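Trainee: Before I ask anything, here is the structure I am working with.
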Amino acid sequence: MARGGSYDTFPKLLLRNTAQFGTRPAFRHKDLGIWQSWTWAEVAEIIRSYAAGLHRLGLRPGETIAVVGSNRPKLYWTMMAAQTLRAIPVPVYSDAVADELAFVLAHAEATVVAAQDQEQVDKVLSVSDRLPQLNRIIYDEPRGIDGYDRGRLIAIGDIINDGRAALAADPALGERIDESIRAGNGSDIAVILYTSGTTGAPKGVMLSARGCIDAATDTTRFDKLTDKDVVLAYLPLAWAGDHYVSYAQGMVAGFCMACPESSNTIEQDRHEIGPTFYLAPPRGFEAMLTRLMVRMEDAAPIKRRLFAYFLDVARRYGEQVLTGRPVPLSGRLLYALGGWLVYEPLKNVLGLSQVRVAYTGGEAIGPDLFAFYRAIGLNLKQLYGQTEAFLYVTCQPDGEIYPDTVGPPAPNVDIRIAESGEVQFRSPGMFLGYFKDQAKTAEAMTSDGYVRTGDAGFFDEKTGHLKIIDRAKDVGRLADGTMFAPKYLENKLKFYPNIKEAITFGDSREFVCAMLNIDPVAVANWAERNNVAYGSYQELAGHPLVYDMVAKDVAAVNRSLAGETVLAGAQIRRFLILHKELDADDGELTRTQKVRRRFIAERYASLVTALYNGAHDADISTEVTFEDGRKGTIAARVKIRDMQIVGPAESLGRAA
């Protein structure tokens with residue numbers, strides 16, 4: 001039995017929420033600038049009608065229905081309705097190109113696809129000849145679809161209306177729906193989430209209903225989430241983070257899931273809706289900080305001085321104030337004044353004023369970035385998780401927050417460190433296996449039932465918390481034996497607003513080199529303020545003054561590393577700024593924006609060679625994919641900049 005009692009499936013939880021929170025908001029969605037709301041009772045009626053309509057379309061238990069699009073109530077309701085029929089929802093990344101979409105739909109054997117809009121419908125139709133099992137395409141937003149062939153297309157609203165009418169006319173249909181809910185079992189596959197494919201083709205992670213609900217129940221209790229909380233459901237539907245935080249925890253706690261109008265309005269919508277619980281990958285917090293720093297560059301001199309002064313106050317006292325530790329009276333008064341003048345206005349601008357608990361996960365966050373948000377009073381915590389765990393493996397308890405750890409094991413999670421240094425776990429939400437891939441499932445599991453994470457880590461002796469070093473396969477050594485932890489170095493580089501992405505090289509080599517992407521927003525703002533003319537991203541990235549500016553950031557990272565005994569020898573000797581932004585459509589990033597390190601090393605092999613052979617520039621020609629799917633080529637001569645290595649004494653002198 002699930003920790004929620006007899007509520008071991010999501011349809012059963014929906015009935016419970018209707019009984020307990022019937023008049024409270026379950027979903028909100030901003031449409032045409034206006035927030036629409038649905039109560040739990042209204043959602044339950046819609047789901048019952050939707051399930052009846054899908055049943056009449058032929059969706060049966062065990063079949064898969066793909067869900068493609070951004071965060072929309074009707075797409076979440078598609079998953080609920082499918083689970084009501086004991087079918088299996090398969091969320092797919094909305095920005096997946098046609099070939100990626102075709103792979104998932106074919107591999108998952110989806111018989112129905114629920115698409116958000118015309119763009120997603122067009123992608124499905126473009127690969128439909130590769131999907132012989134596909135019977136129906138259903139859609140949410142009708143704009144642009146009026147002239148399409150209606151043979152296989154039907155609006156979700158029409159399915160709901162058809163199901164509602166059928167239920168009214170045929171009581172037996174309602175009984176079949178009720179029986180399907182009663183027959184639902186915690187061992188049923190609740191969802192298949194495909195991995196991002198960092199190291200190869202995506203794998204379909206099968207998660208059980210009981211596992212999902214048990215895991216969500218544990219962490220809902222851990223963070224004291226209730227039906228009074230609000231979550232902004234903006235993360236990709238196909239990412240475990242959204243399915244856990246927005247869907248599973250929302251169903252368990254009964255809180256409201258608020259869907260933004262579009263990806264372009266998230267910042268404004270977050271400000272309006274005031275979420276109390278918030279999850280973002282490090283890249284999201286990096287982007288917020290970059291926008292904040294850009295605004296401060298444009299602020300009046302007095303505001304810039306106030307910001308700098310009180311940010312220093314926050315660094316000295318913010319963490320202690322947030323965790324309730326003793327702070328001198330003078331420090332407490334200064335911090336309170338800073339809260340009134342700086343910290344609270346900053347959080348308000350970012351839409352984080354009402355956030356009670358915030359988490360970051362998905363990849364490692366730079367300690368400086370993490371410390372910044374906590375210093376201004378945001379209760380930001382780290383979690384370490386994987387899709388195969390249904391997210392949480394560790395999470396940080398209030399009052400035990402350390403920037404260099406990811407916390408102790410999450411409730412009811414068992415973690416061990418293998419002799420190789422790999423982190424392995426067992427958890428309530430751990431996956432049933434990879435869909436149609438017993439060989440990969442066997443590779444991911446130990447003989448005694450632990451999941452292999454592929455990450456290297458250890459438990460800190462002082463705190464008992466887990467520290468993640470890097471992907472086990474990525475951690476290496478320089479030729480002189482110095483540890484090379486690429487992700488650690490890259491996070492230090494990305495703390496600086498001018499640097500959006502970084503890839504470091506050094507394993508088995510004499511020294512460390514880096515490829516960088518500039519942040520187009522931050523650097524373009526700097527160029528405008530400094531009258532630097534440019535015509536394209538490529539031209540801006542190659543500008544000598546941009547190189548000078550970025551070199552200062554790299555030098556700061558080297559000074560920081562010089563003070564770290566283990567990594568002092570891993571300072572960055574040479575760097576270049578790539579002529580294009582890394583892009584998931586070009587295979588350089590995953591759909592969750594993780595760097596495909598091996599692919600980049602192969603794609604830009606000529607630049608890696610130039611970094612290590614002493615050249616001061618290198619020619620490169622790169623194929624790119626445009627938004628409409630067309631291919632093109634970008635050619636450039638990329639400059640390479642040498643850096644000074646900092647000694648320990650110089651590092652201490654600068655710090656002082």
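The values are calculated or read from the model by the stated rules, or taken from the named source; none is laboratory data. No experiment lies behind these values; they were computed from the predicted model shown. Heads up, the Cβs are rebuilt from the backbone with ideal geometry, glycines too, and the neighbour counts pull from every protein chain shown. For the accessible areas, the whole protein counts, side chains as well, though only heavy atoms, and no ligand, DNA or RNA atoms are used. Shrake-Rupley method; radii C 1.70, N 1.55, O 1.52, S 1.80 Å.
Trainee: How big is the antiparallel share of DSSP beta bridges in the chain, given as a percent to the nearest 5? Mind showing how you got there, number by number?
Mentor: Details: 53 of 89 bridges.
Of all bridge pairs located within the chain, approximately 60 percent are antiparallel.
Trainee: Largest first, what is the accessible-area ranking of Y384, Y148, Y76 with a 1.4 Å probe?
Mentor: The ordering from most to least exposed comes out as Y148, Y384, Y76.
Trainee: Report, in whole Å, the centroid distance computed from the Cα atoms of the stretch 220-260 and the stretch 21-66.
Mentor: 16
Trainee: Ratio to report: Rg/Rh of the stretch 197-287, with Cα atoms as the point set and Rh obtained by the Kirkwood method; give two decimals.
Mentor: Rg divided by Rh gives 0.99.
Trainee: Also: Please report, as a whole percent, how much of the solvent-accessible surface of the stretch 411-540 comes from carbon and sulfur atoms (probe radius 1.4 Å).
Mentor: Percent of accessible area from carbon and sulfur atoms in the stretch 411-540: 47.
Trainee: Moving on. What FRET efficiency would be calculated for the residue pair N530, D99, taking the C-beta separation as r and a Förster radius of 35 Å, to the nearest 0.05?
Mentor: Plugging the Cβ-Cβ distance into 1/(1 + (r/R0)^6) gives 0.25.
Trainee: Summarise the accessible area of the stretch 207-256 (1.4 Å probe, protein heavy atoms) by the percent that is carbon and sulfur.
Mentor: 57
Trainee: To continue, here is another question. Ignoring solvent entirely, what values of log10 I(q)/I(0) come out of the Debye formula for the stretch 288-383 at 0.13 Å⁻¹ when each Cα is a single scatterer?
Mentor: Treating every Cα as an identical point scatterer, log10 I(q)/I(0) equals -0.44.
Trainee: Continuing with the same structure: Where a Cα-Cα gap under 18 Å defines reach, which lysines qualify for K347, not counting those fewer than 8 residues away within the same chain?
Mentor: Straight-distance partners of K347: K303, K381.
Trainee: In Å, what is the Rg of the alpha-carbon atoms in the stretch 148-219, and how long is Dmax?
Mentor: Cα radius of gyration and Dmax of the stretch 148-219 are 18.1, 52 Å respectively.
Trainee: Run the accessible area of the stretch 260-364 with a 1.4 Å probe and give the carbon-and-sulfur part as a rounded percent.
Mentor: Answer for the stretch 260-364: carbon and sulfur cover 60 percent of the accessible area.
Trainee: Could you run the Debye sum over the Cα atoms of the stretch 8-118, one equal point scatterer each and no solvent, and tell me log10 of I(q)/I(0) at q = 0.10, 0.13, 0.16, 0.21 Å⁻¹, two decimals?
Mentor: -0.31, -0.53, -0.77, -1.16
Trainee: May I pose another question? For the stretch 334-379, what D do you get in µm² per second when you plug the Kirkwood radius from alpha-carbon pairs into Stokes-Einstein at 4 °C and 1.567 mPa s?
Mentor: It comes out at roughly 114 µm²/s.
Trainee: Kindly list the residues of the stretch 50-72 that lie in the label zone of A165, defined by a backbone N under 20 Å from the point 7 Å along the Cα-to-C-beta vector.
Mentor: 50-59
Trainee: Here is a further query. Any idea what the dipole of the chain comes to, in debye rounded to 20, about its Cα centre with Lys/Arg Cβ at +1 and Asp/Glu Cβ at -1?
Mentor: Using only the charged Cβ atoms, the result is roughly 1160 debye.
Trainee: Let me ask you something else. Sequence gap at least 6, Cα distance under 8 Å: using those rules, report the relative contact order of the chain to the nearest whole percent.
Mentor: RCO, the chain: 10 percent.
Trainee: If I take the Cα coordinates of the stretch 424-557 and project them onto the principal axes, what are the three extents in Å, biggest first?
Mentor: Each principal axis gives a Cα extent; for the stretch 424-557 these are 63, 39, 31 Å.
Trainee: Report, as a whole number in µm² per second, the diffusion coefficient that Stokes-Einstein gives for the stretch 510-569 at 10 °C and 1.306 mPa s using the Kirkwood radius over alpha carbon pairs.
Mentor: Value of D from the Cα-based Kirkwood radius: 121 µm²/s.
Trainee: What does the accessible area of K473 come to, in Å² to the nearest 10, when a probe of 1.4 Å is used?
Mentor: Here the accessible area works out near 100 Å².
Trainee: Give me the one-decimal Kirkwood hydrodynamic radius in Å for the chain, with the sum taken over alpha-carbon pairs.
Mentor: 26.3
Trainee: Roughly how tilted is helix 329-338, in degrees to the nearest 10 and between 0 and 90, from the longest Cα axis of the chain?
Mentor: 70
Trainee: Excluding the sites themselves, what is the longest stretch of the chain that contains no GluC sites (Glu not before Pro) in a DSSP loop with at most 11 other C-beta atoms within 10 Å?
Mentor: 1-418
Trainee: Would you list which lysines come within 18 Å of K580, measuring only between C-alpha atoms, while excluding same-chain residues fewer than 8 positions from it?
Mentor: K494, K500, K594, K631, K639
Trainee: Length gain on complete extension for the stretch E344 to K473, per 0.36 nm per residue less the alpha carbon to alpha carbon distance?
Mentor: Contour length minus the Cα-Cα distance gives 42.2 nm.
Trainee: List the aspartates and glutamates whose Cα lies under 12 Å from the Cα of K30, skipping any in the same chain that are fewer than 8 positions away.
Mentor: K30 reaches E261, D269, E272.
Trainee: Starting from the 7 Å offset along Cα-to-Cβ, what nm value, one decimal, do you get for the label separation of S126 and T633?
Mentor: Calculated label separation equals 2.3 nm.
Trainee: As a test of reading the structure, rank W77, W38 by solvent-accessible area (1.4 Å probe, protein chains only), most first.
Mentor: Highest to lowest solvent-accessible surface, that is W38, W77.
Trainee: Turning to a different aspect of this structure: What's the FRET efficiency of E443 with D480 using the Cβ-Cβ distance as r and R₀ = 30 Å, to the nearest 0.05?
Mentor: 0.35
Trainee: Still on this structure: Just the number please: accessible area per residue for the stretch 239-341, 1.4 Å probe, all protein chains included, in Å².
Mentor: 42
Trainee: R0 = 35 Å: FRET efficiency of Y309 with V566, Cβ-based, nearest 0.05? Don't jump to the answer; show the numbers that get you there.
Mentor: Working: r = 34 Å, r/R0 = 0.97.
The pair Y309/V566 has a calculated efficiency of 0.55.
Trainee: While we're here: Could you provide, to the nearest whole Å², the per residue accessible area of the stretch 14-103 with probe 1.4 Å?
Mentor: 35
Trainee: With every protein chain left in place and a probe of 1.4 Å, what is the accessible surface of C513, to the nearest 10 Å²?
Mentor: Rounded to the nearest 10, the figure is 0 Å².
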